[in-house]
Amino acid sequence: MNKFFFILLVLVGLRVQSQSNGVAEKGFGIVNLERHQFKLDLLSPGISYELGLFRNQSISTALGLGMAAYEPGYVFGLAMNNRYRYYHNFRSRTNKGKNVSGNSGNYIAAAQAIFFSQARLTTNIIGPDDFNVGFYGMVYGIQRTYEKGFNFNAELGMGYYQGDGIQSGYGPLIGFTFGWVATKRKSRKPTFD
């Protein structure tokens with residue numbers, strides 16, 4: 001768990017540095033980011049919720065099917081994914097007249113995922129029947145929400161898989177979701193202070 005907080009600290013440090021270089025948006029309110037966004041994931045059945053914290057930072061949690069694939073093997077089943085996202089391109093998307101509604105942007109995130117033993121569908125990892133796997137790392141993601149509410153999110157990252165009762169190791173995290181945003185979204189016209 002200490003690795004997750006270290007990654008979070010690094011991410012906050014990057015945000016402070018980017019603000020000093022004039023990259024971040026001005027002020028503290030939320031301009032382009034949705035305050036609350038609830039999504040139904042259709043490809044890997046599940047749900048997700050994203051809470052806007054600051055102008056370009058949010059936290060999100062999702063529950064759905066996922067796969068952990070690292071050095072000892074793979075686990076496929078129900079997973080809980082948590083992110084602390086920093087959207088870095090709202091300004092450039094706004095300047096180009098592109099959609100930022102529904103948190104449409106690119107982000108860097110501190111990532112955590114938990115793969116539960118009780119909801120595991122299959123695995124090839126040798127060990128006890130009852131084990132959990134946790135992921136702690138960083139991901140780069142792209143999220144787009146379209147006019148009718150359809151949404152896709154793609155992520156690629158790397159991190160440490162911590163086994164509970166099994167071997168730990170390093171590996172990638174690849175994620176793709178396609179779903180529908182069930183909450184009302186801000187206007188599709190970009191706004192920026």
Item to check | Which numbered condition Pro45 misses (of (1) of a type outside the set (Phe, Trp, Tyr); (2) closer than 17 Å to Phe152 by Cα; (3) under 16 Å from the mean Cα position of the chain (by Cα); (4) at pLDDT below 90) | outcome: (3)
Item to check | Pairs where the first residue, in region 143-172, is charged (D, E, K, R) and the second is at pLDDT below 90 and surrounded by 15 or more Cβ atoms within 10 Å (Cβ to Cβ), C-beta under 6 Å, 6+ apart | outcome: Arg144/Ser104; Glu155/Gly175; Asp164/Phe131; Asp164/Asn132
Item to check | Members of region 77-95 found to be among the charged types (D, E, K, R) and modelled with pLDDT of 85 or more, listed by number | outcome: Arg83, Arg85
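Restricting to region 160-179, and then to whatever is part of a strand (DSSP E or B) and among the β-branched types (Val, Ile, Thr), can you tell me which residue is surrounded by the fewest Cβ atoms within 10 Å (Cβ to Cβ)?
Per the stated criteria, the residue is Ile174.
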Checklist entry - Quick one: Pro190 ticks every box in (1) modelled with pLDDT of 85 or more; (2) touching a helix residue (DSSP H, G or I) at 6+ places or on another chain (Cβ under 7 Å) bar one, so which box is it? => result (1)
Checklist entry - Counting just the residues of region 54-76 that are in a strand (DSSP E or B) and within 16 Å of Val100 (Cα to Cα), which one comes out modelled with the lowest pLDDT? => result Phe54
Checklist entry - Of all residues in region 33-53, how many are part of a strand (DSSP E or B) and surrounded by fewer than 19 Cβ atoms within 10 Å (Cβ to Cβ)? => result 7
Next on the checklist: polar (S, T, N, Q) and at pLDDT 85 or above: is that true of Asn99 in this structure?
Outcome noted: no
Checklist outcome for this item: The one condition Val100 fails out of (1) closer than 30 Å to Leu33 by Cα; (2) in a strand (DSSP E or B); (3) among the aliphatic types (A, V, I, L, M) is (2)
Checklist entry - Which condition number does Gly157 fail, the rest of (1) within 18 Å of Gly73 (Cα to Cα); (2) under 14 Å from the mean Cα position of the chain (by Cα); (3) exposed (fewer than 15 other Cβ atoms within 10 Å of the Cβ); (4) not aliphatic (A, V, I, L, M) being met? => result (3)
Checklist entry - For the subset of region 77-97 comprising residues that are outside any loop (DSSP other than H, G, I, E, B) and polar (S, T, N, Q), which member is nearest to Gly64 (Cα to Cα)? => result Asn81
Item to check | Neighbours by Cβ (under 7 Å, 6+ apart or cross-chain): first from region 71-100, closer than 30 Å to Phe131 by Cα and free of Cβ contacts under 8 Å to residues at least 60 places away in the same chain; second buried (at least 18 other Cβ atoms within 10 Å of the Cβ) and among the charged types (D, E, K, R) | outcome: Val75/Arg120; Gly77/Arg120
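The values are calculated or read from the model by the stated rules, or taken from the named source; none is laboratory data. If you're wondering where the values come from, they're calculated on a predicted model, not measured in any experiment. Quick reminder, even Gly has a Cβ in these numbers, built from the backbone with ideal geometry, and neighbours come from all protein chains shown.
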